[in-house]
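K.L.:
Please see the structure below; I have some questions.
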Amino acid sequence: MTEHSAILIDGIQRGSLLCCPHCGGHFLYAAHASLIAAKQSEISDISYPRIYCRKCDRLTCGRPGCDPSTAGCIPREARMEFLEGKKTSCDELILSLGDKGLTL
(Lines give C-alpha, C1' and ligand atoms only; values in the text may rest on other atoms or scores of the structure.)
Protein backbone atom coordinates (compact mmCIF):
# COMPACT_ATOMS: atom_id res chain seq x y z
CA MET A 1 0.00 0.00 0.00
CA THR A 2 1.19 3.47 -0.80
CA GLU A 3 0.49 5.97 1.95
CA HIS A 4 -1.44 9.13 1.16
CA SER A 5 -0.27 11.12 4.18
CA ALA A 6 2.10 10.72 7.09
CA ILE A 7 2.17 11.65 10.76
CA LEU A 8 5.43 13.36 11.64
CA ILE A 9 6.47 14.11 15.21
CA ASP A 10 9.72 16.05 15.66
CA GLY A 11 10.62 15.25 12.05
CA ILE A 12 10.27 11.49 12.50
CA GLN A 13 7.52 9.57 10.75
CA ARG A 14 5.35 7.88 13.37
CA GLY A 15 2.40 6.75 11.25
CA SER A 16 0.90 6.41 7.77
CA LEU A 17 -2.53 7.50 6.62
CA LEU A 18 -4.64 6.27 3.72
CA CYS A 19 -7.67 7.88 2.06
CA CYS A 20 -10.91 5.86 2.09
CA PRO A 21 -12.21 5.29 -1.46
CA HIS A 22 -15.81 5.40 -0.20
CA CYS A 23 -16.00 8.46 2.08
CA GLY A 24 -12.73 10.24 1.29
CA GLY A 25 -11.71 10.42 4.93
CA HIS A 26 -8.15 9.74 6.05
CA PHE A 27 -7.51 6.91 8.48
CA LEU A 28 -4.53 5.53 10.34
CA TYR A 29 -3.07 2.61 8.41
CA ALA A 30 0.19 1.94 10.22
CA ALA A 31 1.61 3.53 13.32
CA HIS A 32 4.51 3.23 15.68
CA ALA A 33 3.36 1.63 18.97
CA SER A 34 4.15 4.78 20.96
CA LEU A 35 1.85 6.85 18.70
CA ILE A 36 -1.06 4.48 19.23
CA ALA A 37 -0.54 4.50 22.99
CA ALA A 38 -0.22 8.28 23.14
CA LYS A 39 -3.11 9.06 20.80
CA GLN A 40 -5.57 6.27 21.69
CA SER A 41 -8.03 8.73 23.21
CA GLU A 42 -7.63 11.31 20.43
CA ILE A 43 -7.90 9.08 17.34
CA SER A 44 -11.55 8.10 17.28
CA ASP A 45 -11.46 5.82 14.22
CA ILE A 46 -8.56 3.69 15.45
CA SER A 47 -10.97 1.01 16.71
CA TYR A 48 -12.62 0.38 13.32
CA PRO A 49 -11.34 -2.71 11.51
CA ARG A 50 -9.98 -1.85 8.07
CA ILE A 51 -11.98 -3.59 5.36
CA TYR A 52 -10.80 -4.35 1.83
CA CYS A 53 -13.20 -3.52 -1.04
CA ARG A 54 -12.65 -5.87 -3.96
CA LYS A 55 -14.50 -3.63 -6.41
CA CYS A 56 -12.36 -0.56 -5.57
CA ASP A 57 -9.28 -2.74 -5.00
CA ARG A 58 -8.45 -0.60 -1.95
CA LEU A 59 -8.66 -0.63 1.81
CA THR A 60 -11.61 1.27 3.36
CA CYS A 61 -11.76 3.10 6.69
CA GLY A 62 -14.11 0.47 8.13
CA ARG A 63 -16.94 2.81 9.17
CA PRO A 64 -20.34 1.10 8.79
CA GLY A 65 -21.32 3.39 5.90
CA CYS A 66 -18.12 2.47 4.04
CA ASP A 67 -18.17 -1.28 4.70
CA PRO A 68 -18.73 -2.99 1.31
CA SER A 69 -20.35 -6.04 2.97
CA THR A 70 -22.94 -3.83 4.70
CA ALA A 71 -23.41 -0.78 2.48
CA GLY A 72 -22.03 -2.02 -0.83
CA CYS A 73 -19.38 -0.29 -2.89
CA ILE A 74 -20.33 3.37 -3.18
CA PRO A 75 -17.32 5.37 -4.44
CA ARG A 76 -16.71 8.86 -3.09
CA GLU A 77 -17.46 10.44 -6.50
CA ALA A 78 -20.91 8.76 -6.62
CA ARG A 79 -21.68 10.03 -3.11
CA MET A 80 -20.78 13.58 -4.09
CA GLU A 81 -22.82 13.46 -7.32
CA PHE A 82 -25.82 12.09 -5.41
CA LEU A 83 -25.59 14.95 -2.90
CA GLU A 84 -25.42 17.41 -5.82
CA GLY A 85 -28.65 15.93 -7.21
CA LYS A 86 -27.09 14.15 -10.18
CA LYS A 87 -28.02 10.62 -11.25
CA THR A 88 -25.42 7.95 -10.55
CA SER A 89 -25.16 4.22 -11.04
CA CYS A 90 -25.14 3.83 -7.24
CA ASP A 91 -28.42 5.65 -6.49
CA GLU A 92 -30.22 2.45 -5.42
CA LEU A 93 -27.38 1.52 -3.04
CA ILE A 94 -27.33 5.04 -1.58
CA LEU A 95 -31.08 5.08 -1.07
CA SER A 96 -30.95 1.67 0.61
CA LEU A 97 -28.53 2.98 3.25
CA GLY A 98 -31.43 4.58 5.12
CA ASP A 99 -33.21 1.23 5.35
CA LYS A 100 -30.08 -0.23 6.96
CA GLY A 101 -29.77 2.67 9.41
CA LEU A 102 -26.62 4.01 7.74
CA THR A 103 -25.79 7.45 6.41
CA LEU A 104 -23.53 8.79 3.68
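K.L.:
With every protein chain kept in the model, how would you rank Ile51, Ile9 by accessible area, 1.4 Å probe, largest at the top? Mind dumping the intermediate values first?
P.N.:
On the way: Ile51 40, Ile9 65 Å².
I get Ile9, Ile51, largest accessible area first.
K.L.:
For Asp10, tell me the accessible area in Å² from a 1.4 Å probe, rounded to the nearest 10.
P.N.:
Approximately 150 Å² of Asp10 is accessible to the 1.4 Å probe.
K.L.:
Got a number for the accessible area of Glu84? Probe 1.4 Å, square angstrom, nearest 10.
P.N.:
120 Å²
K.L.:
Of Glu81, Glu92, which has the most accessible area and how do the rest follow, probe 1.4 Å? Numbers along the way, then the final one.
P.N.:
Values: Glu81 75, Glu92 160 Å².
Correct descending sequence by accessible area is Glu92, Glu81.
K.L.:
Tell me, what is the per residue accessible area of the range 55-98 in Å², probe radius 1.4 Å?
P.N.:
Numbers: 2520 Å² over 44 residues.
Computed with neighbouring chains in place, this is 57 Å² per residue.
The values are calculated or read from the model by the stated rules, or taken from the named source; none is laboratory data. What you are looking at is a predicted structure, and each value in this text was computed from that prediction instead of being measured. Accessible surface areas use protein heavy atoms only, side chains included; no ligands, DNA or RNA. Shrake-Rupley method; radii C 1.70, N 1.55, O 1.52, S 1.80 Å.
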